[in-house]
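Visitor: Sharing a structure below in structure tokens format, with a few things to ask.
The values are calculated or read from the model by the stated rules, or taken from the named source; none is laboratory data. Since we're looking at a predicted model, the values are computed, not measured. Cβ coordinates were reconstructed from backbone atoms using ideal geometry, including for glycine residues, and neighbour counts include every protein chain displayed. Note: accessible area is taken over every heavy atom of the protein model, side chains too, but ligands, DNA and RNA are not part of it. Shrake-Rupley method; radii C 1.70, N 1.55, O 1.52, S 1.80 Å.
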Amino acid sequence: MTHVESVTAGEIADQPECWERAAAESSRWEGLLPPGERLAVVGCGTSLFMAQSFAALRERAGQGETDAFPASEYPDRRYDRVLALTRSGTTTEVCDALAAVRGSVPTVAITATGQAPVSRLADRTVLLDFADERSVVQTRFATSALLLLRAQLGEPVGPLVAAARRALVEELPDGAVEREQFTFLGRGWTVGIANEAALKLREAARVWTEAYPAMEYRHGPISVTDERSLVWALGESPAGLPGEVRAAGGSWVCSVEDPLAELVRIQRLAVRLAHHRGIDPDRPRNLRRSVILSANPPADGGASGAGETR
């Protein structure tokens, strides 16, 4: 069956160019997050998972203690700086978190939308408007933001652009679209990537997806693995686990590519699965581009906003 290219698919395909732009602009933001500071990173949905990955990478690089939180769960704890990730710049929980620390802690926001509320609440704003998206399902903004942050850590991000281009043309895993259950595994900084991979399939294609730290997979999650399952490792695979997955009937996938580039291939799988199931990936169920919560929630206790916060 032939499908008209979705907005989501087009934005997935734009990622190498967005990453090039983010890499080129990284020098403008030198000193954005000084090494040695105790840093909190907040976000919601996809932005939270990018925050998780960056927090692990920053600590691994020896640049300081770094914690990632859902913006709604920012703790009463002292940090030297707060970094907020939000595509729309309108997310209620992110705005509330920045407002709560305003004037007491230096703050930075990375967003795709100029003149958004976070720009007025944060001390400094990094605008990645070239990576903004029409799609509800977030792809290129999140990956561009993480690439920029990896550049801030001194990582050589140039090769990632080529890896992203390869991810756009490489074959998807054999039989993946026929699978019914998907588990993504990560270690260290790639746990956040695994969480995001699962979210993409869940949003775009409404499939059964889970994500775990790889060493936790044997501690219960493997019990759902059977011939319907695909298990995708992002980064290092624990010794012996591929054989255990196959013995349970599941399909095992692992790549030598950088996990951020591998996420691009998983985004493509999400769109392919959506089409295979007759679902429009541009219209995910119960979601919208940004969640803006009402100050006066409904009296019956129902939700006043729905969807993944950006």
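Visitor: Take GLU171, project a point 7 Å from its Cα along the Cβ direction, then tell me which residues of region 235-256 have their backbone nitrogen under 19 Å from it.
Guide: Output list for this probe position: 251-256.
Visitor: Another question, then. May I ask you to give the percent of accessible area on the chain that is carbon plus sulfur, with a probe radius of 1.4 Å? Don't skip to the end; give the middle numbers.
Guide: Working: 6340 of 12930 Å².
The C+S portion of the solvent-accessible surface of the chain is 49 percent.
Visitor: Please state the relative contact order of the chain as a whole percent: Cα pairs under 8 Å, 6+ residues apart?
Guide: Values: 607 pairs, mean separation 63.3, N = 310.
Taking the mean separation of contacting Cα pairs over the length of the chain, I get 20 percent.
Visitor: Which of these, ARG268, ARG206, ARG228, has the largest mean-square fluctuation under a Gaussian network model of the chain (Cα springs below 10 Å)?
Guide: ARG228
Visitor: Here is a follow-up. So what's the angle, to the nearest 10 degrees on a 0 to 90 scale, between helix 92-101 and the longest Cα principal axis of the chain?
Guide: Tilt of helix 92-101: around 40 degrees.
Visitor: Quick one: among ALA61, ALA198, ALA233, which has the greatest mean-square fluctuation in a GNM of the chain with alpha-carbon springs under 10 angstrom?
Guide: ALA61
Visitor: Would you mind computing Rg(Cα) / (2.2 N^0.38 Å) for region 1-75, counting N as its residues?
Guide: So the Cα radius of gyration is 1.44 times the expected 2.2 N^0.38 Å.
Visitor: Among ILE222, ILE266, ILE12, which one moves the most in a GNM of the chain with springs linking Cα atoms closer than 10 Å?
Guide: Highest fluctuation of the listed residues: ILE222.
Visitor: Using a 1.4 angstrom probe, figure out how much accessible area the chain has per residue, in square angstrom, rounded to the nearest whole.
Guide: It amounts to 42 Å² per residue over the chain.
Visitor: Where does helix 158-169 land angle-wise versus the long Cα axis of the chain, in degrees 0 to 90, nearest 10?
Guide: With rounding to tens, the tilt is 40 degrees.
Visitor: On a 0 to 90° scale, report how tilted helix 259-276 is relative to the longest principal axis of the chain, with both axes built from alpha carbons and the result rounded to the nearest 10.
Guide: 60 degrees
Visitor: After finding the eigenvalues of the alpha carbon gyration tensor for the chain, what semi-axes result from the square roots of 5 times each, listed largest first in whole Å?
Guide: Largest first, the chain gives 30, 22, 20 Å.
Visitor: A further question on this structure: Can you compute the FRET efficiency between GLU236 and ALA99 using 1/(1 + (r/R0)^6), with r the Cβ-Cβ distance and R0 = 45 Å? Round to the nearest 0.05.
Guide: Efficiency, rounded to the nearest 0.05: 0.70.
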